[in-house]
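Report on the structure given below.
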Amino acid sequence: MKAIEARALTRRFGAFTAVADVDLVVETGEIVGVLGANGAGKTTLMRMILGLLHPSAGRVRLFGLPPSRETRRRIGYVPQGLGLYRDLSAAENLSFSAAAFGVAAALPPPGTGTGALGHLPLGQQRAVAFAAALQHHPDLLVLDEPTSGVAPLARARLWDRIREQAGAGAAVLVTTHYMDEARQADRLVLMAAGRVVGRGQEADIVGAARAVVVRTPDWSGAFAACEAAGLAATLAGTEVRLPGADLEAVRRALGASGVPAELSSAPATLEEAMVLAAGR
Amino acid sequence: MQAMVRKEFRQLRRDRRTLALMIVVPLLLLVVFGYVARFDVKEIPTALLGTQAEALAGMLPEPFAVTIVDPEGSRETAEDLLRRSRVIIAVIAEAPPTLLVDGSELFATQSARAAVAGLGGLPTGAVDVEVLFNPELSTAAIMVPALIGMVLTAVGTVITSLGVVRERQEGTLEQLAVMPLRPRDVIVGKIAPYFLVGIVDMAVITAAGLLLFDVPFRGSWPVFIAGSILFLLAVLGMGVLISTLSQTQGEAIQLAIMTMLPQVMLSGMIFPLTSMPWGVRWISYLLPLTYFIQIVRGVFLKATPIDALGIPFLALAALALVVLGLAVLRFRRDLAPAGHRREPSPEPEAAT
């Protein structure tokens, strides 16, 4: 069953188009990651799906219905800012959220205590936000960069919980610009400048994109030479990588600067594919 | 330093609300209050009663404005008219004539006394002037009931004006919008605790006013409580409406202050409504404090019965309904935007 079905979704703010002609389907039991740099249109897309923003064109259906008070009963949402009351305790936040959905409140995560939530570490605050979003057993979970700023162990635990939900049949939509989060999804949708520029698994997103890899003892010289030649370079350890660059152009730039280097071509990483998509 | 000054001017130019508060509002206030800030009462509604009433009708000079002539009327009729605020002066036109004055209208009373003293050809004591309800013309008796309304307006409007805007600033409003809550649930939920605190506040300041300033309470407690409840709903609703119109807590406080000043100046708390020109007076009739003052002064000092307070009660109920209705409508844009097609400004880069 389609938990989310968005067709030709478009949102304009005056002359600026934040989201253009986006199609997106999320089936129950599936985790879909919407990946893109800041400004790609991820949050605007998510806000339209949640019914927080009216589309300028196109339509959204949640469980076959337009977003409404009834569909909201079936949604669990964890915004990037968590959406919790920082001056209330974890238990009080959970109690309010449970009452709004008409269910019994879940127990607060261990260690969250009775003090104000704002005094807890970010990881624990996120755990409370997840507990609040999950306590009414939503059929659709919408997560905006759900594990940013969370320590690795706590992040792994949060992803376990997300997988549990998907395993139990919930549809999960995750928007993120973190590759680690994106890789947890069953399927990815890559956005750039408000449009969908890639779909599928990580390999599908990367597709034929490649990067020139420069190995050299003088990596700083190589980096400077590439930059001087107008070639966008990144450092990965002591290697210099140039996603989407022409091998011969890199060779000429390094030769002109007299930097000794060994060049090769390698498949682009997901990050590089995203950067290339954003630059198109 | 130059750079700092330039930067401040640029920010100020873009902050239209502050600019309005600093330039337009003072000008507006000066013009409006210039017409209002006067204690001299040009027209005093007057009733003439008794056998000589008709004969006297055309003889009274300014500021007496005869609105009721009743040859059958007695002293009881006169007191009832004053208690119901139908008139401020009631003349019992018998020999010797008695002039009953509503002492809760301080400035009208003084103008009436001065007018009587200035009547030519009358021997001293020829007219018996009797001040009812506030015979000592105590300022505290007039101001304390009105101050109860003033304090509640300040506390109620300012505090509730921060309610919704705080949710917006802290990002919890978005979470409310994805919960299955109706806008009216949220508004009622927001107002209810402040309403209860407001009731307690009202009880405390009323008790303090009665005990500390020796203000009489001659009317009915149920009438006072009913009026207070309607008034609280109106001022709290105004606070929530301001909150829905503001993006930050600073903006909300600015707006709340902008609504406070006219209430102080135009509600009749300080300057009598009867001395205001109609070009300004109509604003007074849009303010909840105007009606609350009519109710509390009536109940405290004159034991005005509820059937004589129909207009202020109805006006307060209508104002409460309008501000709360507008607040709910405004709130729908935040909580159920799917029904509201509008073109907001672009979202911040980090939010996309």
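The values are calculated or read from the model by the stated rules, or taken from the named source; none is laboratory data. As the structure is a computational prediction, the values presented were derived from the model and not from experiment. Virtual Cβ from ideal backbone geometry, glycine too; neighbours counted across all protein chains shown. Protein only, heavy atoms only, side chains kept; ligands, DNA and RNA dropped before computing areas. Shrake-Rupley method; radii C 1.70, N 1.55, O 1.52, S 1.80 Å.
For A:Met1, A:Met46, the ranking by accessible surface with the largest value first comes to A:Met1, A:Met46, using a 1.4 Å probe. For chain B, leaving out every one of the GluC sites (Glu not before Pro) that falls in a DSSP loop and has at most 13 other Cβ atoms within 10 Å, the longest unbroken run is B:137-352. When accessible surface is computed with a 1.4 Å probe, chains B and A are found to bury approximately 2800 Å² between them, both chains counted.
On the protein heavy atoms, probe 1.4 angstrom, tell me the percent of accessible surface of the stretch B:44-132 carried by carbon and sulfur. Ligands and nucleic acids excluded, carbon and sulfur reach 51 percent.
Across all Cα atoms of chain B, the radius of gyration (one decimal) and Dmax (whole number) stand at 24.8, 86 Å.
Computed over the stretch B:11-94, the P(r) tail beyond 18 angstrom holds 58 percent of alpha carbon pairs. Close amide H partners of A:Ala192, meaning residues 5 or more places away or on another chain with modelled amide H under 5 Å apart, are A:Val197. Accessible area per residue was computed with a 1.4 Å probe on protein heavy atoms; B:Tyr194 scores about 70 Å².
Helical runs (DSSP H, four residues minimum) scored at -39500 (n - 2.57) apiece and divided by the length of the protein assembly as shown put the mean residue ellipticity at 222 nm at -15000 deg cm²/dmol. In summary, the convex hull built on the alpha carbon positions of the stretch A:12-114 has an orientation-averaged projected area of 8.9 nm². Work through the residues other than B:Met143 whose Cβ is under 15 Å from its Cβ and net out their charges, Lys, Arg +1 and Asp, Glu -1. Summing Lys and Arg as +1 and Asp and Glu as -1 gives -2.
Note on chain B: with a GNM built from Cα contacts shorter than 10 Å, the maximum mean-square fluctuation among B:Gly73, B:Gly227, B:Gly156 falls on B:Gly73.
When both the stretch B:45-63 and the stretch B:163-239 are represented by their alpha-carbon centers, they are found 46 Å apart. Any chance you could check the stretch B:172-217 for residues losing 20 Å² or more of accessible area when the partner protein chains are in, compared with the chain on its own (1.4 Å probe)? Going by heavy-atom accessible area, the residues of the stretch B:172-217 that drop by at least 20 Å² are B:Thr172, B:Glu174, B:Gln175, B:Leu176, B:Ala177, B:Val178, B:Met179, B:Pro180, B:Leu181, B:Arg182. Translational diffusion coefficient of the stretch B:85-226 (Stokes-Einstein, Kirkwood radius from Cα pairs, 20 °C, 1.002 mPa s): 110 µm²/s. Taking only protein heavy atoms and a 1.4 Å probe, the accessible area of the stretch A:124-195 is 50% carbon and sulfur. For the protein assembly as shown, the solvent-accessible area of protein heavy atoms averages 46 Å² per residue (probe radius 1.4 Å; ligands and nucleic acids excluded). If you plug the beta carbon distance of B:Gln2 and B:Leu137 into 1/(1 + (r/R0)^6) with R0 = 56 Å, you get a FRET efficiency near 0.45. Which aspartates and glutamates does B:Lys190 reach when only Cα atoms under 20 Å apart count, and residues fewer than 8 places away in its own chain are ignored? Result set, ordered by chain and number: A:Asp87, A:Glu92, B:Glu167, B:Glu170, B:Glu174, B:Asp201, B:Glu251, B:Asp334.
Each other residue within a Cβ distance under 15 Å of A:Leu254 adds +1 if Lys or Arg and -1 if Asp or Glu, for a net charge of -2. Residues A:His177, A:His119 ordered from highest to lowest accessible area at a 1.4 Å probe: A:His119, A:His177.
Looking only at other chains, what is the average number of their beta-carbon atoms within 10 angstrom of each beta-carbon in A:225-235?
0
When chain B is treated as a Gaussian network with alpha carbon springs shorter than 10 Å, the biggest mean-square fluctuation among B:Ala141, B:Ala55, B:Ala177 belongs to B:Ala55. The apolar share of the surface of the stretch B:139-341, taken as the fraction of accessible area on carbon and sulfur atoms (1.4 Å probe, ligands and nucleic acids excluded), comes to 73 percent. Separation of the stretch B:84-120 and the stretch B:247-295, taken as the distance between their Cα centroids, equals 28 angstrom. Springs between Cα atoms under 10 Å define the GNM used for chain B, and in it the highest mean-square fluctuation of B:Ile311, B:Ile191, B:Ile253 occurs at B:Ile311. A loss of 20 Å² or more of accessible area (1.4 Å probe, protein heavy atoms, ligands and nucleic acids excluded) relative to the isolated chain is seen in these residues of the stretch A:40-67: A:Thr43, A:Thr44, A:Arg47, A:Gly51, A:Leu52, A:His54. Counting only protein heavy atoms and using a 1.4 Å probe, the accessible area of A:Thr238 comes to about 90 Å².
Beta bridges from DSSP with both residues in the protein assembly as shown: antiparallel share about 50 percent, rounded to the nearest 5.
Heavy-atom accessible area with a 1.4 Å probe sorts B:Lys190, B:Lys7, B:Lys42, B:Lys302, largest first, into B:Lys42, B:Lys7, B:Lys190, B:Lys302. Measuring only protein heavy atoms, the 1.4 Å probe finds B:Met258 accessible over about 50 Å². A loss of 30 Å² or more of accessible area (1.4 Å probe, protein heavy atoms, ligands and nucleic acids excluded) relative to the isolated chain is seen in these residues of the stretch A:69-103: A:Arg69, A:Arg72, A:Tyr77, A:Gly83, A:Tyr85, A:Phe96, A:Ala100, A:Phe101. Counted by Cβ distance under 10 Å from A:Val19, the other residues give a net charge of +4, where Lys and Arg count +1 and Asp and Glu count -1.
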